[in-house]
Amino acid sequence: MASTLLSLASATPSASLCFHEINKGKLNLGCINKEKTNPFIKAKSFGRVSMVVASNVSHFEGITMAPPDPILGVSEAFKADDHELKLNLGVGAYRTEELQPYVLDVVKKADKLLLEKGENLEYLPIEGLAAFNKVTAELLFGADNPVIKQQRVATVQGLSGTGSLRLAAALIERYFPGAKVLISSPTWGNHKNIFNDARVPWSEYRYYDPKTVGLDFEGMIADIKAAPEGSFILLHGCAHNPTGIDPTPEQWGVIADVIQEKNHIPFFDIAYQGFASGSLDTDAASVRMFVARGMEVIAAQSYSKNLGLYAERIGAINVVCSSPEAAARVKSQLKRIARPMYSNPPVHGARIVANIVGDSALFKEWNAEMEMMAGRIKNVRHKLFDSLSSKDKSGKDWSFVLKQIGMFSFTGLNKAQCDNMTNKWHVYMTKDGRISLAGLSLAKCEYLADAIIDSYHNVS
Ligand code: PGU
């Protein structure tokens with residue numbers, strides 16, 4: 001055995017290290033195997049001794065090129081453009097009036113406190129940081145909500161909104177085989193990917209009416225009614241993405257009626273709590289109304305937007321159950337799903353959220369900063385409307401811009417018109433006609449209005 005290893009050890013410089021180690025009496029088989037696992041080298045075996053032969057034929061030859069992501073790919077294209085007037089209105093990420101990314105002051109303060117505390121970086125439990133899970137459920141449902149007091153909520157920290165949705169999708173796939181998820185038409189593009197990858201069947205319910213540039217409420221209700229009993233109805237808790245059109249409180253009531261009648265399960269994606277109105281409580285009203293009716297509810301949360309923690313990947317999945325025992329079982333299964341996927345979640349973002357929400361002074365500061373961000377977007381929305389109305393002499397009614405809420409405006413531009421926005425005007429946006437007003441400044445509103453008017457009237 002030792003002589004075979006010695007003959008191999010002399011073959012390459014890296015293997016000579018092994019030779020050295022063998023001489024020291026340590027048989028390091030790991031470094032010999034390293035050569036065999038390099039995917040770019042084909043190893044031809046002669047018994048125990050290998051000859052390495054380079055080959056151009058990849059094991060990955062059959063893998064085709066994936067298309068760029070319809071949202072995150074827009075940022076890549078934007079970076080590659082060096083035009084001085086370029087604008088990135090693709091991704092929903094808040095920018096300052098100077099169009100720079102923004103780290104909230106309150107996050108900087110919480111970060112400093114964390115550093116001073118000098119906390120360790122041991123693994124979190126599979127379900128995440130206990131202090132985070134407590135405050136995140138309270139923030140969504142309200143601290144005094146009976147479902148919290150009665151321990152009827154299964155809360156698990158997730159990898160932001162996306163990861164939390166993915167956990168819920170896996171739970172549906174495992175425990176509700178064949179059950180369908182109904183998603184709005186249109187919706188955030190990644191919803192379809194999430195359910196496809198989790199192998200959960202989905203179909204769409206009508207939501208947006210291009211004729212009124214508003215909600216197709218009748219269509220929505222009819223489609224939810226027509227879905228097989230016990231379907232999961234995916235709802236945007238507030239600030240619907242991409243349309244910026246939310247149901248009124250009365251309409252939410254009717255939606256809840258139909259969901260209850262059909263024994264469906266409401267599944268909220270609430271990625272913009274605080275960003276629609278500037279108030280965390282107002283934006284959670286839809287979720288809380290369903291819970292107050294005694295319904296079982298799933299809700300995925302994200303802190304990407306409202307705390308600007310995009311890259312921290314911090315969010316949660318909550319399942320409100322009719323008993324504490326059911327909640328405990330659901331939580332145990334969510335943990336079982338998380339464990340082989342990513343084992344346990346990252347700690348830093350969870351500590352930031354827990355410290356801000358758990359400290360009344362920091363919490364107040366956060367609310368003020370959120371109001372400021374939501375306010376800036378509202379100002380930009382008004383300025384864009386004013387610019388469109390004053391520049392466009394065709395008589396077109398642009399007031400839909402003012403009726404939409406949240407980060408986005410759904411312009412109604414078609415794909416060719418969106419291409420014109422990018423190719424001619426260097427305005428980067430998603431091809432469904434959505435623009436992120438969070439990436440727009442007051443100073444750029446007139447330029448954007450020129451681009452929209454040109455694309456709308458001169459491209460069909
Ligand atoms: N749900 C909705 C409705 C969203 O709009 C987003 C983000 C998420 C969940 C997930 O965000 P997390 O960061 O995972 O918490 N949508 C943005 C961000 C870019 C993207 O597509 O991930 C957008 O521009 O639509």
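The values are calculated or read from the model by the stated rules, or taken from the named source; none is laboratory data. Quick caveat, the model's predicted, so the values are computed rather than measured. Ideal geometry is used to build each Cβ from the backbone, glycine not excepted, and the neighbour counts take in all protein chains shown.
Annotations for the structure displayed:
- Test: residue in region 173-184 that is modelled with pLDDT under 95 and either closer than 25 Å to Ser304 by Cβ or within 12 Å of the ligand (Cβ to nearest atom) (or both): no
- Just one of the numbered conditions (1) over 27 Å from Arg351 (Cβ atoms); (2) surrounded by fewer than 18 Cβ atoms within 10 Å (Cβ to Cβ) is not true of Asp246: (2).
- Residue within region 385-393 that is in a loop (DSSP other than H, G, I, E, B) and more than 16 Å from the ligand (Cβ to nearest atom) present: yes
- Qualifying residue in region 440-457 (condition: under 15 Å from Leu87 (Cα atoms), in contact with a strand residue (DSSP E or B) (Cβ under 8 Å, 6 or more places away or on another chain), within 16 Å of the ligand (Cβ to nearest atom) and modelled with pLDDT of 95 or more): yes
- Residues satisfying the stated conditions in region 191-243, i.e. within 16 Å of the ligand (Cβ to nearest atom), surrounded by fewer than 22 Cβ atoms within 10 Å (Cβ to Cβ) and among the small types (Gly, Ala, Ser): Ala198
- Yes/no for Leu140 being modelled with pLDDT under 95, out of contact with any Leu (no Cβ under 8 Å at 6 or more places or on another chain) and not small (Gly, Ala, Ser): no
- Residues that are among the aliphatic types (A, V, I, L, M) and in contact with a Phe, Trp or Tyr (Cβ under 7 Å, 6 or more places away or on another chain), drawn from region 308-364: Leu309, Ile314, Ala350, Val353, Ala354, Ile356, Val357
- Asn263, sole failed condition from (1) surrounded by fewer than 24 Cβ atoms within 10 Å (Cβ to Cβ); (2) away from the ligand (no atom under 16 Å from the Cβ); (3) part of a helix (DSSP H, G or I): (3)
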